[in-house]
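The values are calculated or read from the model by the stated rules, or taken from the named source; none is laboratory data. Just so it is clear, the model here is predicted, and its values are computed rather than measured. For neighbour counting, all protein chains shown are included, and Cβ atoms are generated from backbone atoms with ideal geometry for every residue, glycine included. We work out accessible area using only protein heavy atoms, side chains counted, and drop any ligands, DNA or RNA first. Shrake-Rupley method; radii C 1.70, N 1.55, O 1.52, S 1.80 Å.
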Amino acid sequence: ETWASAYFEVVPSFSGDSDRDGVPHMIEYALGCDPTTEDAARLPKASIVITDDGTHLAITFRRRVSAADLGLEIESAVEVDSWSAASDTVLVNRDDHGDGTATEIWRLAAPTESDPRRFLRLRVSISQ
């Protein structure tokens with residue numbers, strides 16, 4: 001509610017999308033976005049991380065770090081209609097921005113050579 005009241009006189013629902021950018025308030029809250037301005041650059045992005053043991057699928061996102069009501073979980077899938085918690089992820093880097101947000105890069109533990117067909121996404125939940 002504190003986050004929303006910084007932008008709105010009347011606190012909107014987490015499922016709303018005031019700036020009509022296709023990103024619900026809940027996601028904008030989780031990613032540290034301004035819900036009144038389109039900001040597609042803050043959406044999670046897939047990438048590749050190269051290590052000594054191979055090439056790894058990765059996901060990069062900016063997140064709120066001190067929100068006790070916020071749950072973030074990286075999920076993976078072999079088919080995009082069957083997601084589950086990705087228990088095989090490794091934190092590659094965390095850059096604290098000093099504004100209550102940090103950018104994190106997570107990669108799959110197994111290189112793409114041994115697991116070539118995988119997808120990653122970020123699941124956001126709010127406890128109310």
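With every protein chain present, what is the per residue accessible area of the chain (1.4 Å probe, Å²)? Please report the intermediate quantities before stating the final value.
Numbers: 7460 Å² over 128 residues.
Solvent-accessible surface per residue comes out at 58 Å².
Which net charge results when you count Lys and Arg as +1 and Asp and Glu as -1 among the other residues whose beta-carbon is under 13 Å from that of ASP21?
-4
Identify which of GLU79, GLU104, GLU38 has the largest mean-square fluctuation in a Gaussian network model of the chain, with springs joining Cα atoms closer than 10 Å.
GLU79
Under a point spin-label approximation (7 Å from Cα along Cα-to-Cβ), what is the SER127-THR55 distance to one decimal in nm?
Going by the 7 Å Cα→Cβ label model, 4.0 nm.
Counting only protein heavy atoms and using a 1.4 Å probe, what share of the accessible area of the chain belongs to carbon plus sulfur, as a whole percent?
On the way: 3670 of 7460 Å².
Here carbon and sulfur together make up 49 percent of the probe-accessible area.
Using each residue's phi in region 110-117, evaluate 6.51 cos²θ - 1.76 cosθ + 1.60 at θ = phi - 60° and report the 3J(HN,Hα) Karplus result to the nearest Hz, with x for Gly and Pro.
Those phi angles translate into 7, x, 5, 4, 8, 8, x, 10 Hz.
If I histogram all Cα-Cα distances within region 14-127 using bins 5 Å wide from 0, what percent of pairs lands in each bin?
2, 11, 20, 22, 20, 13, 8, 3, 1
Calculate one ³J(HN,Hα) per residue across region 34-50 by plugging θ = phi - 60° into the Karplus curve 6.51 cos²θ - 1.76 cosθ + 1.60, and present them in order as whole Hz with x for glycine and proline.
Listing the rounded values in order: 8, x, 9, 9, 4, 8, 4, 5, 8, 6, x, 10, 7, 7, 10, 10, 9 Hz.
Given the alpha-carbon gyration tensor of region 36-101, what are the semi-axes of its equivalent ellipsoid in whole angstrom, ordered largest first, with each equal to the square root of 5 times an eigenvalue?
23, 17, 14
Pull out the extension gain between ASP21 and ALA77, defined as 0.36 nm times the separation in residues minus the alpha carbon to alpha carbon distance; nm, one decimal.
17.5 nm
Along the Cα→Cβ direction, 7 angstrom out, place labels at ILE48 and THR36. What is the inter-label distance in nm?
Using points 7 Å along Cα→Cβ, the separation is 4.2 nm.
Highest GNM mean-square fluctuation, the chain, Cα pairs closer than 10 Å: which of ASP52, ASP99, ASP88?
Checking each option, the largest mean-square fluctuation is seen for ASP52.
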